[in-house]
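The values are calculated or read from the model by the stated rules, or taken from the named source; none is laboratory data. Just so it is clear, the model here is predicted, and its values are computed rather than measured. All Cβ positions, glycine included, derive from the backbone under ideal geometry; neighbour counts span all protein chains shown.
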Amino acid sequence: MSVTVGVVQFPGTNCDLDTLDALGELGTRTALLRSDETSLAGVDAVVIPGGFAHGDYLRTGAIARFSPIMDAVASFAAAGGPVVGICNGFQVLTEAGLLPGALRPNAGLSFLCQPQHVVMASVDHVLGHGLSPSDVLSIPINHFEGNYVCDQSTLQCMRQKGQVVMRYVDNPNGSVDDIAGICNETGNVVGLMPHPERATSELLGSTDGRRLLEALIYAASRTV
């Protein structure tokens, strides 16, 4: 069954078209969602892509979380709809309270743009279909504020409930517990710093990102 994946565009988003193209190449329908929209009608999954929403002028994702569309995203997530935040999108999801913890500047205060190996820590979420724990993927990163932090009680809870989605093989930014991605307790909301839409072709250096996007499409098909 064909599904439609919506990709949210905030002022300053710059990975929206890349994400639309990557999903379209996998044969799914896509829709570009403006940040001032108030409905997700006709959409079976949502991606909040990377970029610099509102220029990151206050704090990454802090302004974007108040956009009208985020109320619709929150309701969609509460109903079990698949929601994925990539890089800046991950930051937006934490600011909106849809995921625990926060993202702060990288250790060393360096902007990072490089290939990165991550290992899957769990697969019981909307990016896990077809993957196994301990699978290693090569997916690039591109961020300045990707250092994931949370308190120890939150970290312990996430570990117990399988909410750590993936970890860096070689931690580039100082994230606690080497975390590169997490999910909510029900697994339908996922945030990750690596960019799967930039790892869909050998010409880009890796096709491992396709596996994550294919899993999202599968998850969307299960909710139709």
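If you scan the stretch 100-125, which residues turn out to be assigned to a strand (DSSP E or B) and of a type outside the set (Val, Ile, Thr)? Quick ask: steps written out before the conclusion?
Going through the stretch 100-125, the residues assigned to a strand (DSSP E or B) turn out to be 102-104, 112-114, 117-120.
Correct list: ALA102, LEU103, ARG104, LEU112, CYS113, GLN114, HIS117, MET120.
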Where LYS161 falls short, out of the listed (1) over 20 Å from VAL46 (Cα atoms); (2) at pLDDT below 95: (2)
Among residues of the stretch 168-198, those that are under 19 Å from ALA107 (Cβ atoms), touching a residue at least 12 places away in the same chain (Cβ under 8 Å), out of contact with any helix residue (DSSP H, G or I) (no Cβ under 7 Å at 6 or more places or on another chain) and not β-branched (Val, Ile, Thr), counted: 8
Restricting to the stretch 52-86, name every residue that is farther than 12 Å from LEU40 by Cβ and in contact with a Leu (Cβ under 8 Å, 6 or more places away or on another chain). THR60, GLY61, VAL84, GLY85, ILE86
Name the one entry in ALA53, ALA77 that is buried (at least 16 other Cβ atoms within 10 Å of the Cβ), farther than 16 Å from THR4 by Cβ and touching a Phe, Trp or Tyr at 6+ places or on another chain (Cβ under 7 Å). ALA53
Return only the number of the condition from (1) crowded, with 24+ Cβ neighbours inside 10 Å; (2) of a type in the set (Gly, Ala, Ser); (3) farther than 15 Å from ASN188 by Cα that SER67 does not satisfy. (1)
Among the listed residues GLY97, GLY61, GLY42, identify the single one that is assigned to a loop (DSSP other than H, G, I, E, B) and in contact with a Phe, Trp or Tyr (Cβ under 9 Å, 6 or more places away or on another chain). GLY61
Do any residues in the stretch 199-224 that are part of a helix (DSSP H, G or I) have Cβ atoms under 8 Å from those of residues that are of a type in the set (Asp, Glu), where the two are at least six apart or on different chains, and which pairs are they? GLY209/GLU197; LEU213/GLU197; ALA220/ASP44; SER221/ASP44; THR223/ASP44
Scanning the stretch 1-17 for residues that are over 14 Å from the mean Cα position of the chain (by Cα) and not in a strand (DSSP E or B) gives MET1, SER2, VAL3, PHE10, PRO11, GLY12, ASN14, LEU17
Residues of the stretch 109-125 classified as touching a residue at least 60 places away in the same chain (Cβ under 8 Å) and surrounded by fewer than 16 Cβ atoms within 10 Å (Cβ to Cβ), total: 2
Can you spot a residue in the stretch 167-177 that is hydroxyl-bearing (Ser, Thr, Tyr), part of a strand (DSSP E or B), more than 16 Å from HIS125 (Cα to Cα) and touching a Lys or Arg at 6+ places or on another chain (Cβ under 9 Å)? no
Residues (over 20 Å from ILE139 (Cβ atoms), touching a helix residue (DSSP H, G or I) at 6+ places or on another chain (Cβ under 8 Å) and aliphatic (A, V, I, L, M)) located in the stretch 19-42: LEU32, LEU33, LEU40
Would you mind finding the one in GLY85, GLY89, GLY128 that is buried (at least 16 other Cβ atoms within 10 Å of the Cβ) and part of a strand (DSSP E or B)? GLY85
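Which of the residues spanning the stretch 148-167 are surrounded by fewer than 22 Cβ atoms within 10 Å (Cβ to Cβ) and under 25 Å from LEU204 (Cα atoms)? Walk me through how you get there before you give the answer.
The initial filter retains those residues of the stretch 148-167 that are surrounded by fewer than 22 Cβ atoms within 10 Å (Cβ to Cβ), namely 149-157, 159-162, 164, 167.
Matches in the stretch 148-167: ARG167 only.
Please find, within the stretch 131-157, the residue that is nearest to the chain's Cα centre (by Cα) out of those that are in a loop (DSSP other than H, G, I, E, B) and over 19 Å from ALA215 (Cα atoms). Full working, then the answer.
Of all residues in the stretch 131-157, those in a loop (DSSP other than H, G, I, E, B) come to 131-135, 139-140, 144-146, 150-151.
From what's left, over 19 Å from ALA215 (Cα atoms): 144-146, 150-151.
Numbers: PHE144: 16, GLU145: 14, GLY146: 12, CYS150: 17, ASP151: 21 Å.
Per the stated criteria, the residue is GLY146.
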